[in-house]
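The structure appears right after this line, and notes come after that.
The values are calculated or read from the model by the stated rules, or taken from the named source; none is laboratory data. Small disclaimer: the values here were computed from a predicted structure and weren't measured. Every residue, glycine as well, gets a Cβ built from its backbone with ideal geometry; the counts of neighbours run over all protein chains shown. Ligands, DNA and RNA are stripped out before the accessible areas are found, and what is left, the full protein with its side chains, is counted by its heavy atoms. Shrake-Rupley method; radii C 1.70, N 1.55, O 1.52, S 1.80 Å.
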Amino acid sequence: MTTVLILMLLFALLASGVPVAFALGGLGAVLLLVGGFSPLMVPQGFLSTIDNFVLLAVPLFLLMSNILLRGGVGNDLFNAVQAWVGHLPGGLAVATILSCGIFAAISGSSVATAATIGTVAIPEMIKHGYPRNMVLGLLAAGGTLGILIPPSIPMIVYGFITEESVIKLFLAGIGPGLLLVGLFIAFSILHATLSSEYGRSEKASWAQRRESSLRAMPSLLLAGIVITGIYFGVFTPTEAAAVGFICALIITGLILRTLTLEKLKKAVTESMVTTVTILLIVAGAKVFGKAITLYRIPQDIASLITQTFTEPWGFVLIIALVLIVMGLFLEALSMMLIMVPVLAPALLPIGIDPIWFGVFFVIMIECALITPPIGLNLYVIQSVANAKMGEVASGVWPFLLLMLFTVLVSFLWPDLVLYLPFKF
Amino acid sequence: MNRFCQSIDWLSEVLGHLAAWFYFLTGVIIGYEVIARYLFNAPTIWAQEIAQLLLLWATFIAISRALKRDQHIRITALEAFLSEVAKKWLKLFSLLFIASLCVLAVVYGGSIFWDSFERGRSTGTMLNIPNWWTEVVIPLGFSILLLQALAEIFKLMFDTERSAPE
């Protein structure tokens, strides 16, 4: 009964437009006061959350990708990939997905990925007669790869809440990330072969290929350094982010010479805004999480879940449905911060690997990012392409189905997720 | 009162930009630490602690700028169905809610800070930084947020032009 009441209060606060961070933190404070617990836990919760080395990776990964974005790296990447595959049927779409995948290996945010690649790829594809809806949907969906292919800000946050290894989470995202890239590419080629609307691009000359590849090389190397460095334990995710940030400065400032002081200021300010808003929600969720634990709510929900579901698939199916519905209204990261602390205690008893669940959750968040009416990536593509919401939304659904298909595959064959972190 | 709003707006903007460069600095510091460790085989004792301190300061002094610019993440889907008057009342409720949370955080966060300050507690880590260097960010950050929330309430009620210096 208390649980239902608390959840209703939370949703009432969220629905009335109170910012998520303050709704969580404030309701947490109210619960502490009403329950007769020390309100000192409010400032302590805020303090101890942000005083954390793992979360330091959030601003650094954001700085890295925003600097690369402002430095026009998306353009170079897309040109390089396009020079190799652009002449194939649906080649520009394939190049777009590959560029999204590569940029995802540099960036931890799907918004940055969608914006970086979208700015270049959308006009190029439209110019070559690609169907508009499909183009917009492709970019909205391709952008979400940013949070599945490591680095990934939602995975850092998930690791922080559940105290799971961020490195393992990063590695676990690679398998399903590559599968999604493959599925998106297959769909693009199929779509192009069956439709007559597409114009083909001319085949690039070897000189063009060499030149554009050389220009994209530093960014490719950077992606390689970040991932292999984390994988072989050369540095922690936070250190990898810092190294990536320094490299991003060197690449755009010294090698390509595309970063002006004005652009740097923009990148730094944008990173600050995103960091503050994300970290504050994490802190608010921490206060809320502490309060509901004192009310024994996660424990109650966990025992309810273990009593109801004897098999993991029922639980996963229900959570997937809840996430799809919640994702219609709620912003992605907030969804994770509200749901995961409550569900985490039930995972092990019911036989679900927390790392697998983290990846599952991230793919479900990706779906939430592109389901109307509220989907961050839809807004990004809408503003990048100057399109109507309906146009983006109508192009997005085939990709949504492919993402849900990936969830299904990873459930039936968990090694897709767990092989790299545990068995390699 | 207009004067008050303008000063708070100005303060929030300045602190926001300061915070942005604090984040930048943490990247430089951690990057330097990695280079020092691998290239010069000389890890620092200060990099991690200083970087975390900067992260704390940056995050809490930048909250008010995000409130001023309405950048905090919130659900806006339902606003489309509301009248202007209803929106105004909800906005007022939201700001009052934030202001109350601020008061609580300032009072209790302040007492944690004051306790450490008076007793001279320190972290006991490599740098042995006094605890209040970190703890003071809560009362400080939330005081500024409280002032900004009050300024926003004033702007809302008296419909003054939003001054948004870039």
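Taking Cβ atoms as reference points and 13 Å as the exclusive limit, the residues near B:Gln48 contribute a net charge of -3, counting Lys and Arg as +1 and Asp and Glu as -1. Roll a 1.4 angstrom probe over the protein heavy atoms and tell me the percent of accessible area of region A:229-335 that is carbon or sulfur. After summing per-atom areas, the C and S share lands at 70 percent. Divide the volume of the convex hull around the Cα atoms of the protein assembly as shown by the residue count and you get 159 Å³ per residue. Principal-axis analysis of the Cα atoms of chain A puts helix A:20-34 at an angle of about 10° to the longest axis. Accessible surface of A:Tyr198, taken over heavy atoms with a 1.4 Å probe and every protein chain present, rounds to 40 Å². Rounded to the nearest whole Hz, the Karplus-based 3J(HN,Hα) values (6.51 cos²θ - 1.76 cosθ + 1.60, θ = phi - 60°) of region A:407-424 follow the sequence 4, 4, 4, 5, 6, 6, 10, x, 4, 3, 8, 8, 5, 4, x, 10, 10, 8, with x at glycine and proline.
Within region A:273-332, the proportion of Cα pairs with more than 20 Å between them is 51 percent.
For region A:172-211, the square roots of the Cα gyration tensor eigenvalues, ordered a ≥ b ≥ c, give a/c of at least 1.5 with a/b no greater than b/c, which places it in the oblate category. Segment A:Val4..A:Arg200, full-extension length gain: 64.9 nm, with 0.36 nm per residue of separation and the alpha-carbon distance subtracted. The mean number of partner chain beta-carbon atoms within 10 angstrom of a residue's beta-carbon across peptide A:40-50 is 6.
Averaged over the residues of peptide A:339-347, the number of Cβ atoms from other protein chains lying within 10 Å of each residue's Cβ is 0. Rounded to the nearest 10 square angstrom, A:Glu211 shows an accessible area of 130 square angstrom against a 1.4 Å probe.
Dividing the helix sum by the residues of chain B, where each DSSP H run of 4 or more adds -39500 (n - 2.57), gives a mean residue ellipticity at 222 nm of -25000 deg cm²/dmol. Could you work out how far helix A:332-350 tilts from the main Cα principal axis of chain A, as a 0 to 90 degree angle to the nearest 10? Long axis of A:332-350 versus the principal axis of chain A: about 60 degrees.
Amide H contacts of B:Ser122: B:Asn131, each under 5 Å away and 5 or more positions distant or on a separate chain (H built 1.01 Å from N in the peptide plane; Pro and chain starts excluded). Cross-link pairs exceeding 29 Å in C-alpha to C-alpha distance, out of A:Lys286/A:Lys388; A:Lys266/A:Lys290; A:Lys168/A:Lys290; A:Lys266/A:Lys388, comprise A:Lys286/A:Lys388; A:Lys266/A:Lys290. Straight distance only, please: which aspartates and glutamates reach the Cα of B:Lys155 with their own Cα at less than 14 Å, same-chain residues fewer than 8 apart left out? The reachable aspartates and glutamates, counting only those whose Cα sits under 14 Å from B:Lys155, are B:Asp9, B:Asp70.
Legend: mean number of C-beta atoms from other chains within 10 angstrom of residue C-beta atoms, peptide A:264-271, equals 3.
Dividing the Cα radius of gyration of region A:344-424 by its Kirkwood radius returns 1.11 for Rg/Rh.
Interface of A with B. Using a 1.4 Å probe and counting protein heavy atoms only, the two chains hide about 4700 Å² of accessible surface, both sides summed. Each label was represented as a point 7 Å from its Cα along the Cα-to-Cβ direction; for A:Leu408 and B:Val103 these points are 5.5 nm apart. Over chain A, dividing the summed -39,500 (n - 2.57) contributions of all DSSP H runs of at least 4 residues by the number of residues returns a 222 nm mean residue ellipticity of -26000 deg cm²/dmol. To the nearest 10 degrees, how steep is helix A:376-385 against the longest Cα principal axis of chain A, on a 0 to 90 scale? Here the helix axis deviates by roughly 30 degrees. Normalised per residue, the accessible area of region A:242-385 is 36 Å², obtained with a 1.4 Å probe and no contribution from ligands, DNA or RNA. With K and R counted +1 and D and E -1, the other residues having a Cβ less than 12 Å from that of A:Val243 yield a net charge of -1. Once the partner protein chains are put back, region A:53-75 shows a loss of at least 50 square angstrom of accessible area, versus the chain by itself, at A:Phe53, A:Leu56 (probe 1.4 Å, ligands and nucleic acids excluded). Ordering A:268-279, A:219-230, A:93-104 by mean Cβ neighbour count within 10 Å, with the highest value first, yields A:93-104, A:268-279, A:219-230.
Put simply, the Cα atoms of region A:239-282 extend 37, 25, 8 Å along their principal axes, the longest span coming first.
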